[in-house]
1. Spin-label point model (7 Å from Cα, Cβ direction): what's the ALA54 to TRP40 distance in nm?
2. Could you give me the percent of Cα pairs per 10 Å distance bin for the range 66-127, shortest bin first, beginning at zero and ending with the bin that holds the maximum distance?
3. For the chain, build the charge dipole from Cβ charges (+1 Lys, Arg; -1 Asp, Glu) around the Cα centre, then report which of VAL221, PRO287, THR157 sits farthest towards its positive end.
4. If I stretch the segment between TRP68 and SER342 completely, what's the gain in nm (0.36 nm per residue apart, minus their alpha carbon distance), one decimal?
5. At each listed q (0.17, 0.19 Å⁻¹), what is the log10 of I(q)/I(0) that the Debye formula gives for the range 1-159 modelled as equal alpha-carbon point scatterers?
6. When the C-alpha atoms of the range 268-359 are aligned to their principal axes, what extent does each axis show, in angstrom, from largest down?
7. What ranking, highest mean first, results for peptides 8-16, 140-148 when packing means the other Cβ atoms within 10 Å averaged over each residue?
8. Using Stokes-Einstein with the Kirkwood hydrodynamic radius over Cα pairs, what translational diffusion coefficient do you get for the range 174-273 at 25 °C and a viscosity of 0.890 mPa s, in µm²/s rounded to a whole number?
Amino acid sequence: MIQPREGILSIDRLYDGPADDRTCRLDKNERIGTIAEPIWTEMMLSLKPRDLMAYPDLPGFRDRVSEWIDLPPDQILVTSGSDQAIKSVFEAFVSPGDEVLIPSPTFAMYHVYKQMFRAKGVEVTYGSDMSMPVEKLCKSIKKDTRLLALPNPNSPTGAIYKESDLVVILERARASETLVLIDEAYYPFSCVTALPLIRDYSNLLVTRTFSKAAGLAGARVGFACGNAHLIDALTRVRPMYEANGIALKLGTFVMKHPDIIDAYVAEVSAGKRFLKERFGRIGTAYPSEGNFQVARLPSGIPIHDLVSAVEDLGFRIKGWSSGNPMGGCIRITAGPVAVMESFWQAFETIWNLHARQDPS
């Protein structure tokens, strides 16, 4: 029997069950609700047969992104979501045995790519309050640290470093010749961005996606930014075509209509305020700079059973029964207040049942 290369079989990958349109998915941090009919119609009319038949116009899309974020085209690489950008960073810069510093908990694919490219993973853990002092992170950056993978804000904790903190981290990393990858998947739910720091730090790469605020998770389109030297290295390991033509056309439409993002960010902000107030009544609702709310429930609540029961009422959420710091926590993707109110009615029904059963 032909075997895969060393380390591949040790990688654990989970597959979700099939999607159910009857269930509201508040576990994926994707856009919640719908797209207004006039916008949807205009978006679909922007597509032409050639967008499907022809190979995609990557240079043209890169130029539009360049204008959108005010960076030169040679400092941008278009990718199939920020996930593809992150993988390209590992392909271009991480060799077997290299040390990769990864916050914990965080985006699962960092660990997958660490194993794929046979790197040595070093974890630095968030505290029980979902924070990680910048001093703690900087102390973890050693002379052998090849790459620091830093989502900002992080998921699932929702924690964020402000720009002044990022400068401290980048200075420490530069002294150790460490590449810093900052994933801004949740921008602009948070307005903190490292893009302006690219001109001063040649060890910085920033990734973004159209999956969250732009609502194009199914299209799979994003980009990486950095100085021209770093982007040139990423370009050398890119696929033949980094994203498909339909995705690029939809991404272009969103860039031409920034009100789509602005309106949805406002809806999510209102939804988060609603969730934070409600969960603050029964547990601890943590500050979140993403499009989600994290809450720690009182001890003794069977998280797995609660999550399953809420799903039976039509809402999928994320929960952790154990592990530091997420044990006893749930995470809910935020969206329009009307959807959050419907979710809360379902959650409260289940919560009241568990609360009555809890002897404490």
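1. In this crude spin-label approximation the distance works out to 2.8 nm.
2. Whole-percent P(r) values from 0 Å outward: 20, 43, 26, 11.
3. So the residue furthest toward the plus end is THR157.
4. Full-extension gain reported as 95.0 nm.
5. -1.28, -1.32
6. Extents along the principal axes: 35, 28, 21 Å.
7. Result, highest mean first: 140-148, 8-16.
8. Here the translational diffusion coefficient equals 163 µm²/s.
Each reported figure results from applying straightforward, stated rules to the coordinates on display, with no laboratory input. Bear in mind the structure is a predicted one, so any value in this text is a computation, not a measurement. Cβ: placed from backbone, ideal geometry, glycine included. Neighbour counts: every protein chain shown.
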